[in-house]
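Values quoted throughout were computed directly from the atomic coordinates according to the rules given, and no laboratory measurement underlies them. Remember, it's a predicted structure, so these values are computed and weren't measured experimentally. So basically every Cβ, Gly included, is an ideal-geometry build from the backbone, and we count neighbours across all protein chains shown.
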Amino acid sequence: MLDLNFNTRLLPEAGLLLLSEPFLDNEYFTRSVILLCEHNEKGSFGFVLNNFLEKKFDGLPEYILESNPKISIGGPVEVSHFYFIHSFGDKVPGSSELVNGIFLGGDFEILKSLLKAEEHPEKCVRYFLGYSGWDAQQLNDEIKEKSWVVCRPKNNSWIMDTKNDNLWEDSLKSLGGKYEMFSKFPVNPNNN
């Protein structure tokens with residue numbers, strides 16, 4: 001199970017997680033976990049970690065298609081654009097650190113060469129189509145409206161894991177209290 005710190009006074013910032021509240025009914029964000037990549041006075045953006053493409057997407061670079069990774073739908077903005085996060089640090093020029101050990105973007109050709117040398121490349125990189133974005137103050141307003149829970153992961157290695165199909169539930173359970181109870185709610189309360 002994930003180990004998260006939860007503090008109702010946490011303000012959104014890069015490297016924190018946004019967990020959608022259990023009753024958020026939205027095509028893209030229902031039961032989502034978002035890695036926040038940027039938050040400032042101009043706006044915010046991040047990637048949904050637990051929403052994946054159901055079928056292959058031919059618009060990806062050939063190298064990605066050959067390695068057949070699980071591709072995440074990062075959000076509803078710029079869904080024709082391809083993004084990645086990785087754990088190679090400054091070995092990938094042009095990347096920026098989001099949180100200890102997790103980096104955004106950089107030189108894709110160098111990333112490819114580093115991945116070829118890895119025994120388990122799927123643990124070192126995650127790919128996203130599109131991203132989740134908010135205008136100035138929009139995310140703060142949604143947090144005040146209790147659409148999102150902001151929390152800080154203690155261990156970032158699981159962010160690269162694309163195999164946890166219960167990421168949202170596990171994240172809420174680890175917060176304890178009412179959130180553990182929320183994690184057990186059915187998607188449609190009428191099905192209870």
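Here region 137-179 is treated as an ellipsoid with the same Cα gyration tensor; its semi-axes, largest first and in whole Å, are 22, 14, 10. Here the residues Glu38, Glu62, ranked from fewest to most Cβ neighbours within 10 Å of their Cβ, fall in the order Glu62, Glu38. Compared with the rule-of-thumb size 2.2 N^0.38 Å for a compact globular protein, region 59-152 has a Cα radius of gyration ratio of 1.23. Counting only Cα atoms, region 76-126 measures 32, 21, 18 Å along its principal axes, largest extent leading. Computed over region 4-186, the range of Cα coordinates on each principal axis works out to 45, 35, 29 Å, biggest value leading.
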